[in-house]
């Protein structure tokens, strides 16, 4: 004889933990059927030696920064290996900024080395060499200041061409950059 089912009674309000407890649902009929087909195909080796096996999938996502009406144009350009003009402008601009940093570091290193040579050199040419070094440094600083102003023009042009506000570059504070750089250079006695 079968036991009669016992009625479950609630013992007060249901707690959040009990209410949100995940319940295990039985697999749907189609899930087990699809799983069986996949398992059979794996055993038969139909998933081995596939094209691009072991490589990440190439999923093209829409660029959220591109306007809806420009997406097709950018997609065609990317498929052709081309880029919008502002992308090339940014690459050139970043290269120029890095070049300016390298030039400052190189000039500072050269000044340190040249001052050491002058100090170790003959006494007769000491004052003349110091004057020449000071003049050369002053001329270099004037030229570098001009280069930084040209870089600011390039930054301005890039910011006008680039439609993505987050990629805009900050203008160089030329006077501050030159003053900071001059402080890091060795002091050249002015004679």
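Coordinate-derived values only; no laboratory data. None of these values were measured; they are calculated from a predicted model. For neighbour counting, all protein chains shown are included, and Cβ atoms are generated from backbone atoms with ideal geometry for every residue, glycine included.
Data overview
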read-out: Residues 168, 149 arranged by fewest to most Cβ contacts within 10 Å; value: 149, 168
read-out: Gyration tensor verdict on the range 85-184 (Cα atoms; rounded if a/c is under 1.5, prolate if a/b is larger than b/c, oblate otherwise); value: prolate
read-out: Gain on full stretching of the segment that runs from residue 125 to residue 176 - 0.36 nm per residue minus C-alpha separation; value: 14.9 nm
read-out: Mean separation of Cα contacts under 8 Å, 6 or more apart, over the residue count of the range 96-191: relative contact order %; value: 42
